[in-house]
Amino acid sequence: MAAAEKKKRGMLSSFTILLILLAIVAIITVIVAGFSPDVTAAKASDFFTAPVKGFADALPVCLFVMILGGFLGMMTETGALDNGIAVLVQKLKGKEIWIVPVLMGIFSLGGTTYGMCEETVPFYALLTATMMAAGFDPLVGAATVLLGAGCGCLGSTVNPFAVGAAVDSLRGVGIEANQTIIIGLGAVLWIVTTVISILFVMRYAKKVKADKGSTFLSMQELKNAEEAHGAAAAEASKQVILTGRQKGVLVIFAFTFVVMIAGFIPIGDLNADVAGFFDAGAQYETVETPVTSDDLVAAYDDANGSTTVMDGTVDGVSTSEVQTAQGWSAFITGLPIGQWYFDEASTWFFVMAIIIGIVGGLSEKQIVNTFITGAADMMSVVLIIALSRGISVLMASTGLDQYVLNAAANALAGVSGVLFAPLAWLIYFGLSFLIPSTSGMATVSMPIMGPLAAQLGFSPEVMVMIFSSAIGVVNLFTPTSGAIMGGLALARIEWTTWLKFAMKLIVVLSVVSMVIVTIALMVV
């Protein structure tokens, strides 16, 4: 059946789905509060203010997305983005399918190393246009981003927002985790699930390229995608030559994303020599003074840089030298590479958007108007992210998330090892809908689940990966994730369509993850 013959089906919008979920959570709090003093019943005002509080809670991410919109708008205005996609498609003529494994591998690497999630939002628009130009449909572009980064997060190795937060939480309750075990098990989960997902997406991409009618997308979704990305896709089918300015813009574009990715990875903890490159040209301020640990914290906060103590221990030393490194990245964003978060990334993209406009030959008026228009185009995505976060805010404020976690932990007490791992995985799977934040889940749950595993004679390290893999699978489709809902909105794909497309894969990844962590729990 041709795509044009597909019946237009009515689907709930992402906003409506999220509002329904918010209402359900509010009703559940009222029910649970009737028999548990640990949960506060949500009032009508809690329901109505949750989206606003969610916006405030997600403000750094929302601002990041808006500035990225301005950045991508600047790229489009210069013509470099459309022409760059066209050149890529031309060079891969007949081999377009290999875009999928290469990019999914890159995104998964970002996921396993630093938890690449919200940062993927701008790639949805770019990859949607690229895949449409290559003869695929928008789903291939969205799946490349979402499943690539998602499987990386599922198998986190050194991801500070998952593994780092979990290990730190365990340390807070007196459990020292073996990082080697965590990295090894994380690598197994990462590689196995990424390979499965790549094969799944490639199979679908080949199918839809051969037969456009085999797409999962509705007629309305195809129309929306064509309106949003059709111009870029059509441009990519033409024979084009990049101008000198456009080549320069593309180099800056690639450099911008490389630095952003490096900015989120704790490079200094992994390799001091590599970190030194990113902070090349650093200026050092030396202070000779009696130093205490509190002084060092204050010095670090004031400098927003890398603080080094010379000559002896921290406390009890009469005179010491405090050297504060201020490299070029700290000069621009306030923090050196490896210590960034969304405020620093937003600053970086804002600066680079202006530079791209100048290199691309745009006038001052064009730069301002283009940036404003690009940021405005992201407002629907921003509102979806805010509404998604509002659900988490409501659960946290009423105590529902902690109540469910404690009840789940009590249910696992006394369970045998062969059942403990899959049951713990399923519990984390369910909890992840309530607490979609990876670092938030680690902080709340690990002080409870880690000691429980140790008390029963099981490995706390495996518990870390049970948590990471379960929340990783959920974050491939949960509507409470702003990154998913925002990214799908950019690709013009409804959440229900994505769920239908990815459900079989999600089931497979769930089973594979449970098998791997169960074997690990019995062996380690």
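Summary table
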| quantity | calculated |
| --- | --- |
| Simple label model, 7 Å out from Cα along Cβ direction - Val508 to Val415, nm | 2.6 nm |
| Point-to-point label distance, Phe15-Thr180, nm (Cα→Cβ direction, 7 Å offset) | 5.5 nm |
| Apportionment of accessible area to carbon and sulfur, the range 90-226, percent (1.4 Å) | 66 percent |
| Accessible area, probe 1.4 Å, largest first, for residues Lys207, Lys504 | Lys504, Lys207 |
| Simple label model, 7 Å out from Cα along Cβ direction - Ile355 to Leu426, nm | 5.2 nm |
| The range 340-435: radius of gyration over Cα atoms, expressed as a fraction of 2.2 N^0.38 Å | 1.83 |
| Violating pairs (Cα-Cα greater than 18 angstrom) within the set Lys207/Lys504; Lys95/Lys209; Lys95/Lys247; Lys247/Lys365; Lys209/Lys247 | Lys95/Lys247; Lys247/Lys365; Lys209/Lys247 |
| ³J(HN,Hα) computed for each position of the range 69-78 - Karplus, 6.51 cos²θ - 1.76 cosθ + 1.60, integer Hz, glycine/proline x | x, x, 4, 5, x, 5, 4, 5, 4, 6 |
| Calculated Rg and Dmax of the range 163-219 using C-alpha coordinates, Å | 19.9, 58 |
| Globularity ratio of the range 138-199, using Cα Rg and 2.2 N^0.38 Å | 1.33 |
| Backbone HN-Hα couplings from phi across the range 146-157 [Karplus 6.51/-1.76/1.60, Hz, Gly and Pro as x] | 5, 6, x, 5, x, 5, x, 5, 4, x, 5, 9 |
| Using distinct alpha-carbon pairs, which all enter the 1/r mean, Kirkwood radius of the range 392-524 in Å | 15.4 Å |
| J(HN,Hα) series, the range 209-222, from Karplus relation 6.51 cos²θ - 1.76 cosθ + 1.60, nearest Hz, glycine and proline x | 6, 6, 9, 4, x, 7, 5, 7, 6, 7, 4, 5, 5, 5 |
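The values are calculated or read from the model by the stated rules, or taken from the named source; none is laboratory data. The structure displayed is predicted, hence computed values, not measured ones. Cβ sites come from the backbone with ideal geometry, for glycine too, and all protein chains shown count toward neighbours. Each accessible area value is taken on the protein alone, full model and side chains, heavy atoms only, with ligands, DNA and RNA left out. Shrake-Rupley method; radii C 1.70, N 1.55, O 1.52, S 1.80 Å.
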